[in-house]
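Here the structure comes first, spelled out in structure tokens, and everything after it is commentary.
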Amino acid sequence: MDRRNYKVPSDDSAAKDLSSTQYFKVRQDEESVTKKILSVVYEALTEKGYDPVNQIVGYIMSGDPTYITNYMGARSLIMKVERDELVEEIMESYIRNNHWA
């Protein structure tokens with residue numbers, strides 16, 4: 001997802017005032033690029049015999065791309081997406097699948 005889609009407050013005072021909540025909004029795409037990339041990465045890790053959940057979590061937590069295999073171009077694909085966007089996609093999917101939204 002493109003950073004230009006994010007809407008953040010224009011006034012820096014909101015970031016300094018801990019009593020207010022900042023607004024974070026991402027424009028929804030029909031099927032996000034992030035979702036497609038996660039699907040390819042998951043498939044590549046599975047085919048190579050890795051536990052995809054552990055490997056993806058390792059990458060998100062550390063930022064170390066060597067948690068992701070080069071197979072199917074998975075490593076270069078996942079590095080095209082910001083780690084916070086990966087977390088966002090995973091959380092949105094989890095929330096939808098648990099019928100919280």
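The values are calculated or read from the model by the stated rules, or taken from the named source; none is laboratory data. For clarity, every value in this text was computed on a predicted model and none was experimentally measured. We place every Cβ from the backbone using ideal geometry, glycine too, and count neighbours over all the protein chains shown.
When the range 7-34 is filtered for residues that are modelled with pLDDT under 50 and assigned to a loop (DSSP other than H, G, I, E, B), the ones remaining, listed by number, are V8, P9. Does the range 82-96 include one or more residues that are at pLDDT below 95, surrounded by 13 or more Cβ atoms within 10 Å (Cβ to Cβ) and outside any helix (DSSP H, G or I)? No. So, I37, is that one buried (at least 17 other Cβ atoms within 10 Å of the Cβ), in contact with a Leu (Cβ under 6 Å, 6 or more places away or on another chain) and modelled with pLDDT of 95 or more or not? For I37, the condition - buried (at least 17 other Cβ atoms within 10 Å of the Cβ), in contact with a Leu (Cβ under 6 Å, 6 or more places away or on another chain) and modelled with pLDDT of 95 or more - is met.
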